[in-house]
Every structure is written in structure tokens, then in C-alpha cells.
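The next block holds one structure in the form of C-alpha cells; read it before the comments.
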Amino acid sequence: MAKGGDFTSNLGRIYGIYTGGFVTFVVIIGILEQLGVPNRILGYLFVAMTIAVYAGIGILSRTMQVSEYYVAGRKVPAFYNGMATAADWMSAASFIGMAGTLYAQGYTGLGFVLGWTGGYVLVAVLIAPYLRKFGAYTVPDFLGARYGGNVARLLGVIVLFCCSFTYIVAQVYGTGIVTSRFLGISFEVAVFVGLGGILVCSMLGGMRAVTWTQVAQYIVLIVAYIIPVLILSTQRTGIPLPQLTYGSVLQDVSALEATKEAVQGATAHIATPKDTIGWVNFLALILCLMIGTASLPHVLMRYFTTPSVRDARKSVGWSLLFIFLLYFTAPAYAVFAKAEVYQNVLGADISTPAAIQALFEQARWLVTYGKLGLVKICGATIDPAADLAMAADAIFQVCQAKGTAILNFPNFAIDNDVIVIATPEIAGLPYVISGLVAAGGLAAALSTADGLLLAIANALSHDIYYRMIDQHASTARRLTIARILLVGVAVIAAIVAISRPSDILSMVAWAFSLAAAGLFVPLTLGVWWKRTTSAGAVLGMITGFGVCLYYLVGTRYFPESFISMWRPDDVVAKMGELQAAVGTAADDAAKTAAQGALTKFLGAEAKWWGINNISCALFGLPVNLIVTVVVSLVTPAPSKEMQDFIDNVRIPKGETLMAEK
Amino acid sequence: MAAGTEQAREHWRRTRGLMITCLVVWFIFSFLIHMFAPTLNNIVIIGFPMGFYMAAQGSLIVFVILIFWFAAKQNQIDEDAGLHESE
């Protein structure tokens, strides 16, 4: 792998052998399982083998050249860059959480599927080819050059840091969860095992190592994602094409929603946003996720690595194709799982302990995930120490208290994360398939963490250290600093992840709006509108990002002052009444109820025009655009040199505009 | 440098035209079509209500094809103007 030329010309063969090797490995594990090797050992083998392979690639790809470290020497073919981008893009949330979101929300959840794919059209048409021609190492690098100075560069780094750091904490957390569940080690230890997996891939070889590891991780994650649902589809319909067969299963689900007594209360799977979050919020979410996709630095920087502008464009197409393979499978997972639950779980007789035990014997995954607290029947989980009879008896007691003789929709809760993880068990598949899914989830989390880590550390080492602090630093020194920062950021992310910050995890969805509000306008107008001036872009970024951040923080953490400030008097008065009710509550139960009512009210009312705060870019983006345009028009036009520079960015011909060494 | 010539201006005019075409298609399949989902759901093909299908698969397929089409078209524009990269 040290010899770039030989390696790139043999890519097809190398990854072909790798894929074959991976399949063989899975088969061998399957055979070991049949021979009676305990699941725990198989779990270790899965995690150890995959991480060892990623580490091996990372070590073979070590480099001492700056351009190899930052942009993989700009020789990653479009096809492979597409795979690497897909792995970079699809996080633990996509792999594990997406299908669950679709299960819970039906059509409304498709806003995420659309939002996380359509943005690539904007990447291809508006941004990626031009950044490639410019020849940057990082996204703030482009802002610094186009808007002449360190202010724009620093703002770029700040926005990048805000949207990438919460995101990487969530990935490290995800690796910890998968590893601990699978190896049976404590979460804290598992986080550091995951951290090791991330660092061996990225530290020695930077972008070059991350690229080739991500390709390997993509192969693992896509195989792991498709196999279980493919088997499920074959079992149910006889055709191994879940993406096509789930249509008929969807019809079964809709029929059950309409007729089955126990399913009443569930929102129809195909109910449009008119009946759920409203069209405005649905479309606003799609817009913010799409624009955010086109602004996230860890995605954009992948297109710096292609050999040419032409390849950068084509590579975006490959990226989306590889992402599409997972995203068009996710709705199938949701529908298959829903059909199983609606047909075989809801409506089950739970009037006696024996009946519940029969249900558990038929659907063992209920017990497995009930013990993990991820499935709740009549609001109760299952005691991990209980055997089947004890578990059935305990569930019987709580269900009796609720006065229900059949298991119905309001009394059955399933965590979003379960859908993908439990599918192998729902289909009654051997443990090896569960192991495969865990390896896929781990690959998804590790690959995204690698990309994010590199985006943050590169911005700090290249933009802050090299460009702003020491422009004469030697190559060796720059690479050393880059690696120290990389390890530093990774360790901080791990420490934050160990504290299990629930806030940070829910903040990940904010990254898209923050990136969209801060970076989309300066990146696109920088290329498409020559008249954009430095002052315009800088003020636009500050105001756009500021408005978005204000809306997020204000609505989430200070909803009471947000309502006082922005909402009409009658809403403020209603809030006053609810606050007073909390103060005057007679006992603890009344206080809890009053507090609940207040929290619900604040969540619903602390908004501008009813827009959910996840879509705050809906405000930040136009503010950024208007401020940039107005300020640009009242400030002197960019210099002749800058205009020539933009002309050069616009045509593919010629050398990149940044000197490389 | 070829920038700033008549050829470059023509190249950019066509590039802009292609950009607008792509964004119009993008807009239709990202937003417009989904507004009609309740109506489209009345059409059912192999079990898929079409409104649901467009959000779950149809639009995604359009996006993938659109990007490859765009890449080919833009290459053509670059080559016509003689502003493509030399291999």
C-alpha cells in the first residue's frame, strides 16, 4: 500500500479479495457456531477481526507527506471515493436508528431519507467540483482564500467545530454501545476499545488511511445491512428482494391498521404529514437536512481527494448510489418489523401467565430485548435474572393492573434501535447473523468517527496552526502537530461520551441546520456570485449562524424567556398560569402533573411560527443570504485578482489554485 | 489561462443553465411531488401507494440518475468549450 500507483491500479482485485475474505470469515463463524462454540467467543472474533483489518489498513497506509495526509495525494478514483464517502456519511444513527425511526413515524420519517440523500444533488452541482478545482485541504481553507483573511477562516473553523464535535461524540458513544453489548464488557472500557479502533485507522495515515479503511468499512456495513432483511423477505414472500416485496407487506400492515382491534391507536404507516407534524415542518426538515448535507465539512472534504474535477462530480453520483443502497432498504426493515409486530405480537392473549409464556416462546426476541429495557410490555421491562416463567408472571401482574386481556398498541413499546438489531432474531436466524449486524453497526460508527475526527483535527492543525500561527512550520512539524491534535480531539470526545450526555446525542440532529446556516451561503455564493465581498460573507456567517444557534439554544434551554420575548400576550399569560400551578401544587403527585403540563406547553409553544428547532436553518439560511447580499452590495466589489481567481475556480482546466507541497 | 475569454463566458453561461435545470428537477422531487402524496397514494403499484413510494424510493432514484446525468452533461460543456482537464 506504500506504493500509491501500484495500489490504485489494483484496487478492484484487492477489494474483491477482501470482500471474498470477509464472506469466508462469516461462513467460518457460522460453522463454528454449528460446532457449538459459545456466542461470546464468536462475538469477540467478529469485533477483533474487523478492527484488526481496519487497523492493518491504517498502518499500511501510514505516510509522512502532507498532501497524502490531508487529501490522500488526490488520487482516489471516483468509484472508491464514492464508497468511502458513503461510509463517512452513514453513521451509527443511519445504520441502527433509521429503520426504527421509520417504524415509529412511517411516512413522516421519510423526511430523513429524503433529506439525507437529496443534498448530494446540491453537492455535485453547486459546490464539490469547485472546491476540488480550488485545491483546498479543508473547507475553512477555501473560505480563507476566497474571503481574504483569517476572520472568514476562523469563522469557518468555529462552525465546523460546532457541527462536528457533537456528531463525533455520538459516534464514539455508538461504538461504545455496540462493543459493550456485544463483548459483554463495561461501557467505559468499550468506549476506549472503540477509540483505539478509530485512532489506529486515522493517526498514522490521515486521509489516505481513512479513505481505504472507509472503503473496507462500507463493504462490511452494506453486506451486514442487507443480508438479514433479504432473508426475512425470502421467508415471507419467497423473493429475496426486500426493497420490492415490502410493498405487498405494506398492504398487510395497512389492512391490520384498519381492521385489527389491538392495533387501534397506531398512526397509519402511510399517513402523510398533514396528520402528523404538518407539511411545513416536514418540508422544512427536508430542506435543512439537504442544505446541511451540502455544507458539512467532513463530507465536502472527501471530494478534495479525487484525481480531477471531472472525477469529483462523478464521485458524488457514486456516493449517492452507495448511500441509496442502504436508505432504500431501511423502509423495508421498518415495514417487515411492523408486519411481524402487528400480526404476531399485538392482539396476543395475555390474560394468563401461561398465555404470556406461550407468546414469549413464540417470539423470544421480546424477552431478549425486554431484558435490555428496549421492549416494554404494559410499561414494564423484564428482569434480566428472571427465567421465562418468572418473566411471564411479572408481566402478567402489570398487565392485570392495567386491566387488559390482550396485548394492544398502547401497551407495547419498542425502542427505535431494536428494529435493525432484532431482525435476525425475529427471522429466527443463527447468532452469526446477529454478529454480522453488530460488525456492520460498528463499521458505520467507526467510519463516520474517522471522517469527523479528521475534519476537526485538520481544521485545527492546517487552518489554525499552519495558516494562522506558524506559516513557516516544516512538513515534519506540521504532521506531528496534526497527529497530536487528532489524538487530543479523540480523547476529549471519548471522555465526553463516557459521561453519557443525553443532550449531546439529541444535538446531533442540530449539526445539519448549524452547517446549513453557517456555511452554505459563503460556499455557494463564493463561486456563483463574484460580487460577494469579504465583509458580506463574514457578516452573513455571523448573523445566519447566530440566528440558528439562538433559536436552538433559546427554544431548548430557555423556553420560558423565549416565550416571554417572542410570543403574544395570551400565550405568555397561559405560561404564567401553568407556572403558578407548579408553585401552588398541593402534593408531589400534583406537582409532577403540573410540571408535566408546563414542560409540554413549553415544548409546543417556544417556537417561531411553529417550526421545530431541528429546522432552525429555515431562519438562519435566509438571514445569512440577505445579510451577505446586502452587505456585499454596499461594500466595494472584490479586487480584479479575486475576480480572476473565481474565473479560474469555475473552469476545470488548469492546475489547482493552491500550491501543494 | 483560459479564464476571462469569450469561450469562458459562454462556458459559464451554459454551466449556469445546467445548474438551474438540475435545481428545478431537484426541487420538484424534493418538495413539490410530496405535496401531492395524499392523492398519489390512491394509485397502488405492486403494493406501494405511489405517494409513499416517491418518498421512500422514487425521488432517491431520480437524485442518483440526476447526478450522473449532470456529470456527463457538464463534461460535455467543458469539452465543447475546450476547458476540460487534460488527462
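The values are calculated or read from the model by the stated rules, or taken from the named source; none is laboratory data. This one's a predicted model, so the numbers in the text were calculated from it and none came from an experiment. Neighbour counts are summed over all protein chains in view; Cβ atoms, including those assigned to glycine, are modelled from backbone coordinates with ideal geometry.
List of remarks:
- Just so you know, in the range B:5-51 the residues that are loosely packed, with under 13 Cβ neighbours inside 10 Å and not in a helix (DSSP H, G or I) include one that is nearest to the other protein chains (Cβ to nearest Cβ), and it is B:Ile46.
- Residue ranges of helices (runs of 4 or more DSSP H) in the range A:553-605 with at least 3 members under 33 Å from the mean Cα position of the chain (by Cα), closer than 30 Å to A:Ala511 by Cα and not basic (Lys, Arg): A:559-566, A:588-605
- In the range A:480-492 there is at least one residue that is within 21 Å of the chain's Cα centre (by Cα), over 21 Å from A:Arg62 (Cβ atoms) and in a helix (DSSP H, G or I).
- So A:Val253, is it farther than 18 Å from A:Gln105 by Cβ, of a type outside the set (Lys, Arg) and in a helix (DSSP H, G or I): no
- Checking A:Trp609 against (1) under 29 Å from the mean Cα position of the chain (by Cα); (2) surrounded by 15 or more Cβ atoms within 10 Å (Cβ to Cβ), the condition it does not meet: (2)
- Any hit, the range B:67-82, residues being of a type in the set (Gly, Ala, Ser), in a helix (DSSP H, G or I) and within 30 Å of A:Ser248 (Cβ to Cβ): no
- Scanning the range A:543-561 for residues that are crowded, with 17+ Cβ neighbours inside 10 Å and modelled with pLDDT of 85 or more yields A:Thr543, A:Gly544, A:Phe545, A:Val547, A:Cys548, A:Leu549, A:Tyr551, A:Leu552, A:Gly554, A:Thr555.
- Against the numbered list (1) closer than 17 Å to A:Gly144 by Cβ; (2) buried (at least 19 other Cβ atoms within 10 Å of the Cβ), A:Ala490 comes up short only at (1).
- Set A:Leu453, A:Leu485, A:Leu388, A:Leu442: member being in the same structural domain as A:Ala330 (by TED's automatic domain parsing) and under 23 Å from A:Arg40 (Cβ atoms): A:Leu442
- Taking the range B:55-64 as the range and being within 9 Å of another protein chain (Cβ to nearest Cβ) and over 15 Å from A:Tyr120 (Cβ atoms) as the test, the residues that pass are B:Ala55, B:Ala56, B:Gln57.
- In the range A:238-254, residue surrounded by the most Cβ atoms within 10 Å (Cβ to Cβ) [restricted to those that are free of Cβ contacts under 8 Å to residues at least 40 places away in the same chain and more than 10 Å from every other protein chain (Cβ to nearest Cβ)]: A:Pro240
- Residue within the range A:588-598 that is within 25 Å of A:Gly526 (Cβ to Cβ) and either modelled with pLDDT of 85 or more or surrounded by 13 or more Cβ atoms within 10 Å (Cβ to Cβ) (or both) present: no
- From the list A:Val631, A:Val623, A:Val627, A:Val649, the lone residue that is assigned to a helix (DSSP H, G or I), closer than 30 Å to A:Thr63 by Cα and in contact (Cβ under 8 Å) with a residue 12 or more places away in the chain is A:Val649.
- Residue in the range A:61-68 that is assigned to a helix (DSSP H, G or I), at pLDDT 90 or above and surrounded by 12 or more Cβ atoms within 10 Å (Cβ to Cβ) present: no
- Residues being hydroxyl-bearing (Ser, Thr, Tyr), within 21 Å of B:Tyr53 (Cα to Cα) and surrounded by fewer than 16 Cβ atoms within 10 Å (Cβ to Cβ) - total across the range A:255-273: 1
- When A:Ala72, A:Ala86, A:Ala124 are checked against the criterion of being crowded, with 24+ Cβ neighbours inside 10 Å, closer than 30 Å to B:Ala37 by Cα and touching a Lys or Arg at 6+ places or on another chain (Cβ under 6 Å), A:Ala124 stands alone in meeting it.
- Of all positions in the range A:259-278, at least one carries a residue that is within 14 Å of chain B (Cβ to nearest Cβ), out of contact with any Phe, Trp or Tyr (no Cβ under 7 Å at 6 or more places or on another chain) and part of a helix (DSSP H, G or I).
- The residue list A:Tyr107, A:Tyr54, A:Tyr120 contains one member that is over 28 Å from A:Leu287 (Cα atoms), modelled with pLDDT of 90 or more, assigned by TED's automatic domain parsing to the domain that holds A:Leu285 and assigned to a helix (DSSP H, G or I), which is A:Tyr54.
- Residue that is nearest to B:Thr5 (Cα to Cα), among those in the range B:65-87 that are under 9 Å from the mean Cα position of the chain (by Cα) and within 8 Å of another protein chain (Cβ to nearest Cβ): B:Phe70
- Among (1) within 20 Å of B:Ala55 (Cα to Cα); (2) among the hydrophobic types (A, V, I, L, M, F, W, C); (3) away from chain B (no Cβ under 13 Å) - the single one A:Trp116 does not satisfy: (3)
- Cβ pairs under 9 Å, 6+ apart, first in the range A:418-444 and closer than 19 Å to A:Thr101 by Cα, second of a type in the set (A, V, I, L, M) and in a loop (DSSP other than H, G, I, E, B): A:Val418/A:Leu372; A:Val418/A:Leu374; A:Ile421/A:Leu374; A:Ala422/A:Leu374; A:Thr423/A:Leu429; A:Ile426/A:Ala363; A:Ala444/A:Met90
- When the range A:425-455 is filtered for residues that are surrounded by fewer than 24 Cβ atoms within 10 Å (Cβ to Cβ) and closer than 22 Å to A:Val169 by Cβ, only A:Ala438 remains.
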